[in-house]
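The values are calculated or read from the model by the stated rules, or taken from the named source; none is laboratory data. This one's a predicted model, so the numbers in the text were calculated from it and none came from an experiment. Cβ: placed from backbone, ideal geometry, glycine included. Neighbour counts: every protein chain shown.
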């Protein structure tokens with residue numbers, strides 16, 4: 001059950017198999033968190049736990065950084081919410097740049113507890129893909145009473161969509177865009193207007209200060225490469241359009257979903273374009289998913305693409321993020337790479353790796369204690385800490401039958 005009453009931000013987790021994302025496993029390791037930040041990571045024999053800090057005995061357990069899901073709709077498209085809990089798309093808007101996900105997230109959404117049960121401690125939450133530009137995404141911790149206390153960074157990117165979704169939604173309303181060329185034109189028009197406004201502001205800075213516009217301000221952040229454009233794109237031709245637009249305006253691009261990214265993996269690698277791949281589970285519910293394959297992450301990784309995995313919750317329940325990684329391993333993605341794809345890589349892609357994504361001194365004390373190897377189907381999360389505070393705990397897995405067997 002959640003440990004909502006636990007307010008301590010100090011903890012020492014001792015004796016477990018400590019698995020940082022970017023360094024080797026430490027058997028009989030210890031992680032010390034003080035005032036919410038990781039203070040020490042290493043062999044238990046080499047670390048002295050400060051007096052008075054609560055100690056968690058993790059012998060026989062696996063200690064990992066909290067996972068990071070780089071593309072979700074937690075709290076904005078609520079579990080069991082029906083229409084009343086759906087704030088995913090401001091459908092009439094074709095350019096929703098001024099819209100902010102943080103203004104619609106419900107921290108009481110059941111999906112946040114599910115996230116903790118799967119070891120996910122940070123989620124990037126964004127509007128949907130009904131519009132060419134959907135709005136601003138935010139990175140949040142997966143526990144808290146208000147959005148404001150959960151924010152890691154906001155905005156962390158601007159959501160945009162190419163392909164069938166904006167076409168389908170707006171053409172059903174008998175309004176543009178009806179085609180892929182119309183979708184791209186709306187995105188191009190928005191950034192052209194922002195570029196023109198930026199030129200005017202440089203020519204007359206006093207007037208620009210008086211005429212500030214939220215839409216142009218955020219588009220300007222993208223143009224200045226302060227935040228990336230988070231581009232929903234499935235088909236290879238849509239991904240190529242995303243590359244073309246990024247070339248025109250010089251912004252940082254992150255491809256989200258990338259169902260056919262493996263078909264142009266070499267081009268993405270050459271350009272240094274990250275891919276947040278997924279969801280990997282589920283049926284091919286639309287034509288854009290025809291080439292979906294669990295082998296895609298391995299192909300992208302072999303090509304040198306900076307890779308993260310996502311559930312796109314609630315397309316796939318967020319607690320299954322680790323299972324997507326496990327299935328990608330089965331199809332050739334190295335286990336160490338799979339771990340990075342749900343920890344430090346999404347954090348780095350979104351510019352929050354100074355806070356989350358690994359077990360190293362200085363980062364937030366976001367830690368999950370697993371009963372065993374997290375990529376083993378029979379392992380489960382037993383405890384979760386966010387900034388050193390216990391936020392989730394269940395009893396140890398019941399043992400029975402033959403040791404080491406499910407039977």
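Annotations
- If the condition is being under 14 Å from residue 390 (Cβ atoms) and modelled with pLDDT under 95, then the range 1-55 contributes 1, 2, 3, 4, 5, 6, 7, 8, 9.
- Residue match in the range 288-303 (condition: touching a residue at least 24 places away in the same chain (Cβ under 8 Å), assigned by TED's automatic domain parsing to the domain that holds residue 158, on the phi > 0 side of the Ramachandran plot and not in a helix (DSSP H, G or I)): no
- The residue of the range 240-254 that is surrounded by the fewest Cβ atoms within 10 Å (Cβ to Cβ), among those that are part of a loop (DSSP other than H, G, I, E, B) and within 21 Å of the chain's Cα centre (by Cα), is 252.
- Residue 308 in contact with a helix residue (DSSP H, G or I) (Cβ under 8 Å, 6 or more places away or on another chain), assigned to a helix (DSSP H, G or I) and assigned by TED's automatic domain parsing to the domain that holds residue 225: no
- Here 346, 396 are screened, and the one residue that is at pLDDT below 95 and in contact with a strand residue (DSSP E or B) (Cβ under 7 Å, 6 or more places away or on another chain) is 396.
- When residue 170 is tested against (1) modelled with pLDDT of 90 or more; (2) buried (at least 17 other Cβ atoms within 10 Å of the Cβ), exactly one condition is not met: (1).
- Among the residues making up the range 89-104, those that are surrounded by fewer than 19 Cβ atoms within 10 Å (Cβ to Cβ) and part of a loop (DSSP other than H, G, I, E, B) are 90, 91, 92, 93, 98.
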